[in-house]
Amino acid sequence: MIKVTAALFAGGITVTCGFASEPALKHSDVVFMYASSEEAYKAYGATFVAWGGADTEERVRWHHDLGVRCTGSMWCLTAGAKLIHERPEIRAACAVDIEGNPVEVPWLFDHTHEGTKSYFGCTNHPEFRRLCRERVEQCMKGGADGLHVDDHLGVAQAAWNFGGGLCDHCITAFRGYLERKVSPEELRAAGVEDVATFDYRDIIRKHATTRAEYQKIQRQIPLMDRFLEFHVEAAADHVKLLGEIAEKTAGRPVLLSANAGIPQKLHTYVVKNLTHVVCEVGQNAAKGTQAIDHAVEAYAMADALGRPMASTASGWDWAFIKANDRETLVRFWIALAYAHGQRFMVPHPKRQWCFTKELGTHLYEAPIDAYAPLYRFVRANAASLDGYEAVAAEGIRTADRTRVAVRRNPATGSLVLHMLNLNYVADEDRMLSSHDVSIRIPASLVSSNARFAQVLSYDADPIRVPILRAADECEIVVPELRLWSLVAVE
Ligand SMILES: [Zn+2]
């Protein structure tokens, strides 16, 4: 295996691309989703902009001068209604259904141009791929540190969920996939006589001739699992290619991210091609702190796939926050992500994306004072975050409505327990503090000469508490748990 090393100069941080010796993002990185003002960067201690905002040389230099690494961003979703309307060759490169009709992006229902809708682009079609290439060249020509690919699934999204992915180019590419990956026996069983001339639409039309029929019975059509896997693998290859174009444009190795919405399966295929994941993770805002399993699963999956993640909540979650003014809940989301080894992107001071069916796209302006203290805490306590890895919390006992995430630094053996308070009163947007919270830890997890632990909180000075030892257990008592505390065993 060849090790490719590239020094990314911004902020004096050395990053290794491809085969990472240092992760693309440190645990203590403070990530903005979109570019922001100097004032906001300084208030938060920003280190990275994940989702564009740096597509000119001047903007890249400006970010670097502030110690912030930055990215160019493009999307593979659609050419946009205006281009589709004006250019026939782009119109011909949209995703199509079994009837040959273009497939519209449902959540862009309000983005039309003179009656033309925003249709999915087909990332298997040469003309749409050319457009994607141009977009990468455009956003990377300033020499940004990374490329972020938005809507990386391209036509695969249309194929999995909206009845698309059935143009001539998709069908030809699927044939190539079958030749490479599927045994003659499996093909014969599915009724494929000659793969070289095989047109999957012939099989589909035996079951459905309209989009509506197709969407009803899609998963029962022979070879459909293969067809869907082909689409996500093709999308992952396309993202890899875009990363190569980005490196060529920037003239050096660059980071590569996509909004891969793990833990959803269709979003996992691309992760191996990325240096890190930047995405929305549903937080179930309406349920307060009571339905966080999905978010925890996403953070653990990024860990398991070996790629650091910068997350934000979904547009629906943010719409809920804006409508109900729930700042404490957002602070909990920030803590939850960092407690599980990932980063929650700074709630954007000007344009945090919100979405509901009734309001469509709208924006939340996140007050800096409400959230910056948590991020400054993260920066100030990088030594208790960076280099630590998740350890199973088995055998650890603590109070009800308290969550503990355990992290250990394999190099030093140091242990940090992240304590999260789940005792949230939604109507008042308030955490009820817990007092004298006992944590009992199997003695095997704690170094035999550890006598004290530091309790670190973003909203209080550090305090030192004793470690009480029993036969096979250690006990630490945290005097007050408000929202989030780190218990660092000395
Ligand atoms: Zn296609």
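A single member of 239, 155, 149, 232 is buried (at least 23 other Cβ atoms within 10 Å of the Cβ), β-branched (Val, Ile, Thr) and within 15 Å of the ligand (Cβ to nearest atom), and it is 155. In the range 92-103, the residues that are on the phi > 0 side of the Ramachandran plot form no Cβ pair under 6 Å with any partner that is within 11 Å of the ligand (Cβ to nearest atom) and among the hydroxyl-bearing types (Ser, Thr, Tyr), whether six or more places apart or across chains.
Examine the range 438-446 for a residue that is within 21 Å of residue 336 (Cβ to Cβ), free of Cβ contacts under 8 Å to residues at least 60 places away in the same chain and in contact with a His (Cβ under 9 Å, 6 or more places away or on another chain), and state whether such a residue exists. Among the residues of the range 438-446, not one is within 21 Å of residue 336 (Cβ to Cβ), free of Cβ contacts under 8 Å to residues at least 60 places away in the same chain and in contact with a His (Cβ under 9 Å, 6 or more places away or on another chain), which makes the answer no. When 291, 295, 189, 285 are checked against the criterion of being at pLDDT 95 or above, among the hydrophobic types (A, V, I, L, M, F, W, C) and exposed (fewer than 14 other Cβ atoms within 10 Å of the Cβ), 291 stands alone in meeting it.
In the range 199-223, of all residues being among the basic types (Lys, Arg) and within 16 Å of the ligand (Cβ to nearest atom), the one that is nearest to residue 99 (Cα to Cα) corresponds to 211. Inclusion of residue 43 among residues that are assigned by TED's automatic domain parsing to the domain that holds residue 150, at pLDDT 95 or above and outside any loop (DSSP other than H, G, I, E, B) is warranted. Does at least one position in the range 406-414 carry a residue that is surrounded by 13 or more Cβ atoms within 10 Å (Cβ to Cβ) and either closer than 27 Å to residue 313 by Cβ or within 23 Å of the chain's Cα centre (by Cα) (or both)? Yes, because at least one residue in the range 406-414 is surrounded by 13 or more Cβ atoms within 10 Å (Cβ to Cβ) and either closer than 27 Å to residue 313 by Cβ or within 23 Å of the chain's Cα centre (by Cα) (or both).
Here residue 123 meets each of (1) within 13 Å of residue 238 (Cβ to Cβ); (2) more than 12 Å from the ligand (Cβ to nearest atom); (3) polar (S, T, N, Q) with one exception, condition (2).
Restricting attention to the range 115-124, the residues being surrounded by fewer than 22 Cβ atoms within 10 Å (Cβ to Cβ) and either β-branched (Val, Ile, Thr) or at pLDDT below 95 (or both) number 2.
Of the residues making up the range 161-180, those that are in contact with a Pro (Cβ under 9 Å, 6 or more places away or on another chain) and within 7 Å of the ligand (Cβ to nearest atom) number 1. Just one residue in the set 446, 437, 455 is outside the structural domain of residue 378 (by TED's automatic domain parsing) and farther than 25 Å from residue 375 by Cβ; that residue is 446.
Hey, any hits in the range 199-214 for a residue that's among the β-branched types (Val, Ile, Thr), free of Cβ contacts under 8 Å to residues at least 40 places away in the same chain and not in a helix (DSSP H, G or I)? There is no residue in the range 199-214 that is among the β-branched types (Val, Ile, Thr), free of Cβ contacts under 8 Å to residues at least 40 places away in the same chain and not in a helix (DSSP H, G or I).
Take the conditions (1) surrounded by fewer than 24 Cβ atoms within 10 Å (Cβ to Cβ); (2) away from the ligand (no atom under 16 Å from the Cβ); (3) not β-branched (Val, Ile, Thr); residue 144 misses just one of them, which is (1). Within the range 184-198, identify whether any single residue is out of contact with any strand residue (DSSP E or B) (no Cβ under 6 Å at 6 or more places or on another chain), within 20 Å of residue 228 (Cα to Cα), among the aromatic types (Phe, Trp, Tyr) and more than 10 Å from the ligand (Cβ to nearest atom), and answer yes or no. Yes, the range 184-198 contains a residue that is out of contact with any strand residue (DSSP E or B) (no Cβ under 6 Å at 6 or more places or on another chain), within 20 Å of residue 228 (Cα to Cα), among the aromatic types (Phe, Trp, Tyr) and more than 10 Å from the ligand (Cβ to nearest atom).
Within 13 Å of the ligand (Cβ to nearest atom) and in the same structural domain as residue 264 (by TED's automatic domain parsing) - does that describe any residue in the range 102-112? Within the range 102-112, one or more residues are within 13 Å of the ligand (Cβ to nearest atom) and in the same structural domain as residue 264 (by TED's automatic domain parsing). Taking the criterion of being within 16 Å of the ligand (Cβ to nearest atom) and of a type outside the set (D, E, K, R), the residues of the range 126-141 that qualify are 126, 128, 131, 132. The set of residues in the range 126-159 that are in contact with an Asp or Glu (Cβ under 8 Å, 6 or more places away or on another chain) and either under 27 Å from residue 63 (Cα atoms) or not assigned by TED's automatic domain parsing to the domain that holds residue 278 (or both) comprises 138, 139, 140, 141, 142, 143, 144. Looking at 105, 60, 49, just one residue is of a type in the set (A, V, I, L, M) and out of contact with any Ser or Thr (no Cβ under 9 Å at 6 or more places or on another chain), and that residue is 60.
The values are calculated or read from the model by the stated rules, or taken from the named source; none is laboratory data. Only a predicted model underlies this, so the values are computations on that prediction, with no experimental measurement involved. Here Cβ is always computed from backbone atoms with ideal geometry, including for glycine, and neighbour counts include all displayed protein chains.
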